[in-house]
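Worksheet for the structure shown next.
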Amino acid sequence: MIPLFAIGFLEIGWLEIIDILLVTVLLYQLYKLLTGSVALKIFLGLLSIYLLYLVVRAAGMELLSIILGQFMGVGVLAAIIVFQPEIRRFLLLIGKTTAFNNDRFFKSFPWRREQAEKLSLTPFIEAAKSLAGKNTGALIVFSKSSELKYYAESGDLIDAVISKRLLMSIFNKTSPLHDGAVIIANNRIKAARCILPVTENNDIPASMGLRHRAAIGLTEVTDSIVLVVSEETGQIALVRNGEVFRNLSSADLRVKLNQLLFDTDQQKPIAPSASSEKPVNVA
């Protein structure tokens, strides 16, 4: 391959540039996964031990070198065990962003597009408005291309027609189904009282409660959209990819749901209302 330029004795071509870009993206994704978690401190500790091992071996300190060498010998296995949650999140991130999981190509077919547009947003918007006015918490998950069967089976399967009254009944504080998330799939209420994974990110503002943390945790590993109604403040929020759009009005909620669920006007920002806030990226 013909080099584009040279740095000293190093010849740089297109292949080297692509290689550097891919490594940069990989390191950035690893940094995002580790930032704000205990795993970052563990990683720095392991790195310190490895650097100490190199120094000790170079200095000729045989006894300490043997001890650290034995430790480094099982370092790969230990790293897999210690970083198991981070490795799982990284693989899920790759699976979530891959082209085969995007589903946009298949949605371009007329019959798939019509099916996707059958979901009426009105019951969710009206229910969220009523629940927020009563300071009643709610957690509603909209499934996209991700398989949420595991999370649905953690709760009670319903498979019911979507309506405002049913959503209000589920999230009523006296209902046995109110504690957990409702999962929406195939234009139906698939399950209620579902358990979602809570994010391990420590940089989340203190004003966000357990519902927000669960919504962030799910959207970190799937492409789902989560609607959150805060029980403490009555604020309505949407979460996607760990990004939280807080304090939405009913009009804002409709626009944003259309954008996120149906990929309409993704580049068009919501007209700011008097109470809306900037999105908080905690991913």
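Of note:
- From the options Ile204, Ile184, residue that is surrounded by 15 or more Cβ atoms within 10 Å (Cβ to Cβ) and within 30 Å of Lys41 (Cβ to Cβ): Ile204
- Residue check: Val226 meets all listed conditions (1) at pLDDT below 95; (2) touching a Ser or Thr at 6+ places or on another chain (Cβ under 8 Å) but one, namely (1).
- Residue check, Glu147 modelled with pLDDT under 90 and either surrounded by fewer than 17 Cβ atoms within 10 Å (Cβ to Cβ) or touching a Cys at 6+ places or on another chain (Cβ under 8 Å) (or both): yes
The values are calculated or read from the model by the stated rules, or taken from the named source; none is laboratory data. None of the values given here were measured: they were computed from a predicted structure. Please note: Cβ atoms are built from the backbone with ideal geometry, for glycine as well, and neighbour counts cover all protein chains shown.
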